[in-house]
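The values are calculated or read from the model by the stated rules, or taken from the named source; none is laboratory data. Quick caveat: nothing in here was measured; it's all calculated off a predicted structure. Cβ: placed from backbone, ideal geometry, glycine included. Neighbour counts: every protein chain shown.
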Amino acid sequence: MPESFPEGILEELETRAMLMAGEAGEILRQHWGKPLKTDYKGKGKRDPVTAADIESQKFLKETISRYFPEHGIIAEEDTEKQDSPSPDFLWVVDPLDGTTNFLNGLPMYAVSLGVLYKGIPVAGALFIPWPEDEGGLVFHARKGGGAFANKKPISVLHLSEPQGDKLTNHPAYLSAAYRFGKGMRHRVGEVRTTGSIAYELALAAYGVSQYVIHTQCRIWDVAAGVLLIKEAGGKVLTRPRRAKKWHPLDTFFPSWDSYRPTQQQVREWGASLISGSPDIAQFVSEQLRGRLLLRYRLAKMWRRLLKG
């Protein structure tokens, strides 16, 4: 961080994010199990947006604006195009990750609040429902300060290699885009698909899952979880669209100082991620092979025939 970075700002950001995530989680709990007005962003009743999403987001945006009026906000349910240049401090908000689960009575969802400074995750918090007295856990972290669940220090599972009897999370459609190499035989683990990327990142940071793979991440899904994993002693590897290799995710926008993205460009960020202990994340990345779609394989074969 630069010398001009305000002293104590990271502690303040972490504390505010932690409090807001807990309060937003309580808003969602008040809606739990009740009929909800629901709209859909996708065709065929896909990608729902409920009154709970809207109320949670409204609370988060109003609170952030009150305490940090000079900071920018990227919130999932916003619909207006944001073409203005991104400020150095940017809050990335998912008011309810796992809306379909929430609608169907499955308590696997999250509130995610990540704070970026020039594209670098520096503070964040996640609320997830959990069988605790408070009805949930609030995970929180700041850069260089460790990771916590309800103020209790947490750590990723520190294993050198994946183990077959440990839990792992990845989407059901993973095999359509990737395949595992021979080194993962009997090591993939017991796969669980929860339907919430933020929830699964929290599980990895908490040491419940040995590693997680996500292939269609949006920035609001992961802005808080990436920092949690790293501050819990883990590693996050990314493979942006059209990239061939996995590399550590230290910043969402490496060229920030030479080219400041607009807030709309931040909204459009997308990539695949592997998260877990440093050894496991590296091991899995070396064993994960991308699959060429059939049309690309045919095109490649056709080009070879033409050259031949």
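Worth a mention:
- The sole residue among S272, S255 that is assigned by TED's automatic domain parsing to the domain that holds I197, among the polar types (S, T, N, Q) and surrounded by fewer than 17 Cβ atoms within 10 Å (Cβ to Cβ) is S255.
- Looking only at the range 165-187, and only at residues there that are surrounded by fewer than 20 Cβ atoms within 10 Å (Cβ to Cβ) and modelled with pLDDT of 95 or more, the one that is nearest to I219 (Cα to Cα): L167
- Boolean, E190 is assigned by TED's automatic domain parsing to the domain that holds L28, without any contact (Cβ under 8 Å) to a residue 60 or more places away in the chain and acidic (D, E): no
- The single condition among (1) out of contact with any strand residue (DSSP E or B) (no Cβ under 6 Å at 6 or more places or on another chain); (2) in contact (Cβ under 8 Å) with a residue 40 or more places away in the chain; (3) surrounded by 13 or more Cβ atoms within 10 Å (Cβ to Cβ) that F59 does not meet is (2).
- Counting only helices (runs of 4 or more DSSP H) that sit completely within the range 125-231, those holding 2 or more residues that are over 24 Å from R242 (Cβ atoms) correspond to 197-205, 219-231.
- Count of residues meeting criterion [surrounded by fewer than 17 Cβ atoms within 10 Å (Cβ to Cβ), in contact (Cβ under 8 Å) with a residue 60 or more places away in the chain and either touching a Cys at 6+ places or on another chain (Cβ under 8 Å) or closer than 23 Å to R218 by Cα (or both)] in the range 25-56: 1
- Highlighted here are the strands (runs of 3 or more DSSP E) found entirely within the range 21-82 that include at least 1 residues which are within 18 Å of S112 (Cα to Cα) and in the same structural domain as A141 (by TED's automatic domain parsing): 46-50, 72-75.
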